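Working notes, beginning with the structure itself.
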Amino acid sequence: MTGALLADLVDDAGLFPPTALPMAAALERHRADLAAGDPMLTHRFLCPAARLGELRGLLTADDRIRVGVILSDGAPHDCAAVVDADPRLRLALIETPCTLAAVDRVVYAATAPGVPVYVEAADRDEGPRLAAALAGTSAGLKIRCGGVRAELFPSAELIAAALVAAAEAGVPVKATAGLHHAVRHTDPATGFLHHGYLNLVVAAARAAAGAGAAEVAAAVLVTDGEALASEAAALGPDATAATRSLFVAYGSCSTATPVDEAAALGLSPAVGAAAHGRPRTIDPASL
């Protein structure tokens with residue numbers, strides 16, 4: 001079932017560090033990915049809200065871009081109106097930070113009809129508590145797995161706690177930052193210890209199956225790619241669906257490396273397979 005397990009997994013985060021492509025280059029790469037149609041890619045283009053005008057200025061008449069808008073400070077932003085005003089764009093998701101105290105207000109402010117919303121804890125240690133607070137809303141949890149400094153990489157235990165809390169709350173998870181390769185590794189250039197995207201997939205599979213935080217954290221710590229691939233490949237249809245209901249997608253600044261490394265490990269998504277567990281549209285009345 002590795003086809004459904006990895007399909008629609010990778011969002012295009014080419015604008016973000018460390019790749020940080022210029023807008024024109026990021027768009028050109030995204031167009032090439034759209035033409036190639038690899039099923040592991042979501043074909044969503046992640047863009048900061050502040051750069052939507054720049055994005056629109058570089059679109060051609062033939063472009064049709066599904067854009068994920070990233071809000072930087074949790075402040076209200078009418079990104080839906082900005083995107084809706086341009087027929088070349090479609091709002092595919094919204095990501096926003098928030099504090100536990102402001103979760104209802106921030107989620108409500110980010111609401112757009114039919115658009116999934118993912119919220120990130122302003123204090124990453126609050127991720128598990130935020131997941132619990134999102135239970136009963138239609139928002140998903142965004143977890144940050146790295147950054148440009150070593151201290152921005154959370155521990156395996158913190159990632160596991162967030163996944164377990166989200167699984168218990170029935171809240172889908174989207175990840176961002178630091179997941180540059182399939183398997184946990186140390187970057188030779190920076191010396192940073194990076195989490196692997198396949199580690200998160202397997203960790204989510206364990207969390208979705210009801211495993212405790214220690215067992216889920218153990219999956220995040222695995223450095224044996226073949227072992228991870230073997231566990232992933234052994235998941236049956238129900239376990240695969242549960243895994244992807246929990247771990248929906250992650251943003252990658254490279255759209256080639258995740259695909260290449262999955263293939264090297266003997267894993268590949270099936271053409272036409274769809275990811276599971278997109279968050280529902282937020283109903284303001286439920287907040």
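Coordinate-derived values only; no laboratory data. The structure displayed is predicted, hence computed values, not measured ones. Because the Cβ atoms are built from the backbone with ideal geometry, glycine has one as well, and the counts that use them run over all protein chains shown.
Name the residues whose placed amide hydrogens come within less than 5 Å of the amide hydrogen of Arg44, ignoring near sequence neighbours (fewer than 5 apart) on the same chain. Here the answer is Asp12, since their amide H atoms fall under 5 Å of that of Arg44.
With K and R counted +1 and D and E -1, the other residues having a Cβ less than 12 Å from that of Leu267 yield a net charge of -4. For the chain, a crude dipole built from +1 on the beta carbon of Lys and Arg and -1 on the beta carbon of Asp and Glu, taken about the Cα centre, is about 400 debye to the nearest 20. Across the stretch 230-247, computed HN-Hα scalar couplings (Karplus, 6.51 cos²θ - 1.76 cosθ + 1.60, θ = phi - 60°) run 5, 5, 5, 5, 7, 5, x, x, 5, 5, 5, 4, 5, 4, 6, 5, 8, 9 Hz from first to last residue, x flagging Gly and Pro. Taking amide H as placed 1.01 Å from N in the peptide plane, the amide H of Ile65 sits under 5 Å from that of Leu89, Arg90, each at least 5 places away or on another chain. The sum of -39500 (n - 2.57) across all DSSP H runs of n ≥ 4, divided by the residue count of the chain, sets its helix-only mean residue ellipticity at 222 nm to -10500 deg cm²/dmol.
Shape of the stretch 146-233 from the C-alpha gyration tensor: oblate (a/c of 1.5 or more and a/b not above b/c, with a ≥ b ≥ c the square roots of its eigenvalues).
Values [x] 21.0; [y] 19.7; [z] 18.8 are given for comparison; Kirkwood radius over Cα pairs in Å, derived from the coordinates here, is the one labelled [z].
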